[in-house]
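Bear in mind that the values in this text are calculations on the coordinates, not laboratory data. Given the structure is predicted, the values throughout are model-derived calculations rather than measurements. Methodologically, a virtual Cβ is constructed for each residue, glycine included, from the backbone with ideal geometry; neighbour enumeration extends over all protein chains shown.
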Number of protein chains: 2
Amino acid sequence: MLSSKSTQSSLFIGGLDIGGTKMAAIVADRSGPLARVVEPTAKTGTEYAPAEQALRLLKDACAKAGVPFEELDTVGVSSCGPFIRQQGKIRLAAPNICGGIARRGELPNDWMSVPLEEVLRRHFVQVVIRNDCVAALTAERAFGNLQGVDDCAYVTWSTGIGFGLCVDGHLLHGKNGNAGHAGHMLMTDQSSAQCGCGNYGDVEALVSGYNLEARCDRPPAELFDAARAGDPQGRAVIAEAAKWFGRALFNVTAALDIERFVIGGAIWHHHGEWLEPMVMSELCTRLPALTNGVSLSSPGLDSLVTDIGALHLVMPEDWPNEWRARKPWQQLQES
Amino acid sequence: MLSSKSTQSSLFIGGLDIGGTKMAAIVADRSGPLARVVEPTAKTGTEYAPAEQALRLLKDACAKAGVPFEELDTVGVSSCGPFIRQQGKIRLAAPNICGGIARRGELPNDWMSVPLEEVLRRHFVQVVIRNDCVAALTAERAFGNLQGVDDCAYVTWSTGIGFGLCVDGHLLHGKNGNAGHAGHMLMTDQSSAQCGCGNYGDVEALVSGYNLEARCDRPPAELFDAARAGDPQGRAVIAEAAKWFGRALFNVTAALDIERFVIGGAIWHHHGEWLEPMVMSELCTRLPALTNGVSLSSPGLDSLVTDIGALHLVMPEDWPNEWRARKPWQQLQES
């Protein structure tokens, strides 16, 4: 959040949610989100394409909301990572977007990194860029199911696996803002499943939607439907994935003495209730001094958690109380 | 550190370093450490035995230093964990001390936990208890090789494996002060090596001195000597251990975006220089956005790092500058 002093002239704020699959832009004022637009993330052309797409989507969101684009001077960004810095400015070095560093080699570009901050700073006075799971975590701490929980994590189980981490009430950033890439923790040396980062047998390689699809040759939705209907092969694959995911949550709990995980992402959104006992049996049967009382929950902000997280990064400090009371994101969710 | 106001009457401070193998007590004044005594950690009798031993060792250290015990009212403790709380007071639930929770079952007691804080508070006005690796980390940040490094970790590779973690300049504690138990991160499901906590295939089970000895049926010192002399079986065991240790450092780097690790403990102390290339080849060949520039180092405080860490927890705030300039621990190291 920005202090109200520094942004008292901002009537509108923008939010960007940049993922490996889709990009969303959202415009809000004090009353709540006004409009949201979404598109598949640009992956062709020059390395400037994603940042230029971000600008265009913000313009589209402004047009949809009836807000003059030139009045928007403040943007919060929740983005997939990792980040690197060049001349002090954040660039995305995300293997899901940049073909030059993706070791799986199916992306239609050879980008090594995407100049995000450089482009946004040409157009906006205030730009705050955070890892998408860190932004989601701030939203859940402000408005959702992590209010008042000082030792907590946001986890996404979706196309990829990411974490936002908070210990002792302190959001973890790290030397380049890349804390939370625990989806790349190595879990076994006995797997041929490869992650976009090149690792074999990391959490993402073992459980992400992308990898489940690659290994089973059918979309995760089909795989889960079959497993839940009793298909033994599908059930074995999912049980294995739930095991690794539970072990990843245990590893993070052991390392950080976490109290509560909020889990988002498409896979948990659709199947979390069914997966939870399998995940908990790996997490809470170990090291009771650390795992006793650890709980899992879905995001209070539902599928808008990273969008609202992006807005929260740049929100004037007198807005959140009103938003907490009125929950204005619900309107957007229903529209 | 305590503010000078709260301890301006303390001429002397005590430090306790409680490990699964040995316990050390140290007494210091503004000029530096005055005396240190050490014994094998008590593991028989009632669950009060370790805390009573701690008191006795502090008395012995006072006697050795010519300090009246009754003038000691402030004690810092660096202890193996994990910790649990009963009536708000810290008890050690350490599988290396408490036979009732050790799943390997060779300890001569059935303690579930050790009432440490309760006993110490009966005798001292100020008691600060931290995980030993967290205390070591504060010492290295104050006096050693982590000065000015905001994203860093202290790791011990010894009988067990423990971490102290610092991100964005913030020391991580967690809901019960147990952050840093990353030695219990699960690394494989293909190992029969069991940790004292019950886990199979966690970092400690795979690489700790205790487990190397159990698996190879000879003390780590012999195993390392044989390996370094070219014994192929010994070399294979150590190469495997170095692989898992390097992967554990990678996992912590991925989760927390760490910049520098200081590695202590007997194994690294004696063999770190030889192990480092093997460890680095697992750490720095992955995910360059996170691992580029990550470095390893030995403790600047050498084998006294946890003792000085215990003292630093309760040190009046005007002492560290003097200690940094004069390095008074060197005298103790040489004595």
Item to complete: For the stretch A:14-28, take each phi angle, set θ = phi - 60°, evaluate the Karplus expression 6.51 cos²θ - 1.76 cosθ + 1.60, and give the result in whole Hz per residue in order, putting x for glycine and proline.
Response: x, x, 10, 10, 9, x, x, 9, 10, 10, 10, 10, 9, 10, 9
Item to complete: Could you grab the relative contact order for chain A? Cα pairs under 8 Å, six or more apart, rounded to a whole percent.
Response: 20
Discussion item. Eigenvalues of the Cα gyration tensor times 5, then square-rooted: what semi-axes does that give for chain B, in whole angstrom, largest first?
Written reply: 32, 23, 18
Worksheet item: So what J values fall out for the stretch A:198-203 if you push phi through Karplus, 6.51 cos²θ - 1.76 cosθ + 1.60 with θ = phi - 60°, rounded to Hz, Gly and Pro as x?
Response: x, 4, 9, x, 8, 4
Item to complete: For a footprinting-style exposure proxy, rank B:312, B:123 by other Cβ within 10 Å, fewest first.
Response: B:123, B:312
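Of all DSSP beta bridges in the stretch A:145-297, what percent run antiparallel (nearest 5)?
Numbers: 10 of 18 bridges.
Around 55 percent of the beta bridges assigned by DSSP in the stretch A:145-297 are antiparallel ones.
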Discussion item. Under 5 Å between amide hydrogens, which residues at least 5 positions from residue A:83 or on another chain qualify, with H placed 1.01 Å from N in the peptide plane?
Written reply: A:93
Worksheet item: Given A:303, B:328, A:156, which one lies farthest toward the positive end of the charge dipole of the protein assembly as shown, if we put +1 on the Cβ of every Lys and Arg and -1 on the Cβ of every Asp and Glu?
Response: B:328
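For chain A, what is the calculated [θ] at 222 nm in deg cm²/dmol (nearest 500), taking -39500 (n - 2.57) for each run of four or more DSSP H residues and dividing by its residue count?
Theoretical 222 nm ellipticity from helices: -11500 deg cm²/dmol.
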Fill in: Within 10 Å of each Cβ in B:191-204, the average number of Cβ atoms from other chains
2
Worksheet, complete the sentence: Exposure-ranked with fewest Cβ neighbours within 10 Å first, A:70, A:213 stand as A:70, A:213
Worksheet item: Between residue B:327 and the same site in the other copies, what are the distances in nm, shortest first, taking label points 7 Å from Cα along the C-beta direction?
Response: 6.1
Worksheet entry | Shortest-first nm distances, residue B:31 label point to equivalent points in other copies (7 Å, Cα→Cβ) | 7.5
Practice prompt. With 5 Å bins from zero, work out the P(r) of the stretch B:145-297 over every alpha carbon pair and list the percent per bin.
Written response: 2, 10, 19, 23, 21, 14, 8, 3, 1, 0
Discussion item. Quick query: amide H of residue A:315 versus all other amide H atoms, modeled in the peptide plane; which residues come in under 5 Å with a sequence gap of 5 or more or a different chain?
Written reply: A:2
Fill in: Euclidean distance between Cα centres, the stretch A:220-248 to the stretch B:296-335, Å
52
Worksheet entry | Pseudo-label separations to other copies for residue A:235 - Cα-to-Cβ vector, 7 Å, nm | 4.9
Practice prompt. Relative to the longest principal axis of the C-alpha atoms of chain A, give the angle of the C-alpha long axis of helix A:266-283, reported between 0 and 90° and rounded to the nearest 10°.
Written response: 50
Discussion item. If the reach is capped at under 20 angstrom between alpha carbons, list the lysines near residue A:22, excluding any in the same chain fewer than eight residues apart.
Written reply: A:43, A:59, A:64
Item to complete: Report, in degrees rounded to the nearest 10, the 0 to 90 angle that the Cα long axis of helix B:232-256 makes with the longest principal axis of chain B.
Response: 60
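Let me spell out the model: positive unit charges on the Cβ of Lys and Arg, negative unit charges on the Cβ of Asp and Glu, origin at the Cα centre of the protein assembly as shown. What dipole size does that give, in debye rounded to 20? Write down the numbers at each step before the final one.
On the way: 58 positive and 76 negative charges, 56 e Å.
I would put it at about 280 debye.
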Worksheet item: Cα axis of helix A:132-143 to longest principal axis of chain A: angle in degrees, 0 to 90, nearest 10?
Response: 80
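Taking the Cα centre as origin and putting +1 on Lys and Arg beta-carbons and -1 on Asp and Glu beta-carbons, what dipole magnitude results for chain B, to the nearest 20 debye?
Values: 29 positive and 38 negative charges, 75 e Å.
Value, rounded to 20: 360 debye.
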Fill in: Simple spin-label estimate for residue A:64 and residue B:213 in nanometres, 7 Å along Cα-Cβ
6.5
Worksheet item: How much FRET efficiency would the formula 1/(1 + (r/R0)^6) give for residue B:269 and residue B:225, where r is the Cβ-Cβ distance and R0 is 25 Å, rounded to 0.05?
Response: 0.95
